Every structure is written in C-alpha cells, then in structure tokens.
Amino acid sequence: MRLAAMGLLHPTFVTADATTRVPGAYERIVSTVGLPAGPGLRPVLAALVPGGRIATTIGRTSLIVTGWKHNDGDVVGVVERDTAGFMLTRSGDDYPPALTGLFALARTSEGETTGIGRYPVVDVAEAWELRSMLEVTTPGVE
C-alpha cells in the first residue's frame, strides 16, 4: 500500500550476485545483505541511476549507510544513527573466511606457556562498534 501511495505500483525485486554485476538500472536500491566496503560497492553503485538512492549495511559492520548518486557518477551519503546487521555477500572461494581453520586450531591447541593478562580480551564479533570501526579502517580484518 505504501509503495502504491508513492506511485511505485510495480517495484522490481532482483536476486543477483552483487559482488560481480547487478543487472539493470535502478532509481532505488535497498540491499538486504551487508555489502563489502570500498571497491566492493562498485557493482551495486553502477546499477544506480543518477539521482538514485541506496540504503544498505556495510558487511561485517553494524553501519547502515544511505546515499544518492550525482549526475557526475559520484555517490555521497551518510552513516545513519541506527545499527543493523545483515548477512554478508559471499561468493566463490572467499567463503567461509580463510582464517576459520586457524581460529579452530587456536581454540583447541595447547601453548608452551599460559597466563592471565592484565587487560580483558574483547570478543570483536560481539563488540559491534569496535568491529565496525576496524572493518572500515582495515577491511577484511578477522
């Protein structure tokens, strides 16, 4: 009903591999997967027409980003004041993450020495603000 009230009687829903190419051209894109930061956004942004708007989360972060495409092809936007987490885009040999085996080994292996550290250990997967900051400044951090 809301779409019809906005004059959008026939929206298009596309299921595509957003890591390579998004077929077509669109005035609005709402991604329901966390898109990769930086160059990984190019396939989706290429499908956005000038004047078009996008809403997505950035993969491995809790950041919701909205933006719009200018006539010169630049896309500008903002990080919204809310958080969300969507499933990551994934394709080919990069999924599951390459370090999965190493993490399993680290959890079960015995070390030569053990001790208690002075500082707490942060579970980055559960510290969304820290994880988001690290993923934006160091994409692919594990």
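The values are calculated or read from the model by the stated rules, or taken from the named source; none is laboratory data. Small disclaimer: the values here were computed from a predicted structure and weren't measured. Here the Cβ positions follow ideal geometry from the backbone for every residue, glycine too, while neighbour counts run over all protein chains shown. Protein only, heavy atoms only, side chains kept; ligands, DNA and RNA dropped before computing areas. Shrake-Rupley method; radii C 1.70, N 1.55, O 1.52, S 1.80 Å.
From the list ALA98, ALA55, which residue is surrounded by 11 or more Cβ atoms within 10 Å (Cβ to Cβ), at pLDDT below 80 and closer than 24 Å to ARG131 by Cβ?
ALA98
Could you tell me how many of the residues in segment 23-36 are aliphatic (A, V, I, L, M) and open to solvent by less than 40 Å² (accessible area, probe 1.4 Å)?
3
Within segment 11-22, is even one residue open to solvent by less than 50 Å² (accessible area, probe 1.4 Å), without any contact (Cβ under 8 Å) to a residue 40 or more places away in the chain and in a strand (DSSP E or B)?
Within segment 11-22, none of the residues are open to solvent by less than 50 Å² (accessible area, probe 1.4 Å), without any contact (Cβ under 8 Å) to a residue 40 or more places away in the chain and in a strand (DSSP E or B).
Determine, yes or no, whether ARG42 is open to solvent by 70 Å² or more (accessible area, probe 1.4 Å), assigned to a strand (DSSP E or B) and at pLDDT 85 or above.
Criteria not met by ARG42.
Contact list please: Cβ distance under 7 Å, first residue in segment 57-78 and under 9 Å from GLY34 (Cα atoms), second residue assigned to a loop (DSSP other than H, G, I, E, B) and open to solvent by 60 Å² or more (accessible area, probe 1.4 Å), pairs at least six apart or on different chains.
Final answer for the pair search is THR57/PHE86.
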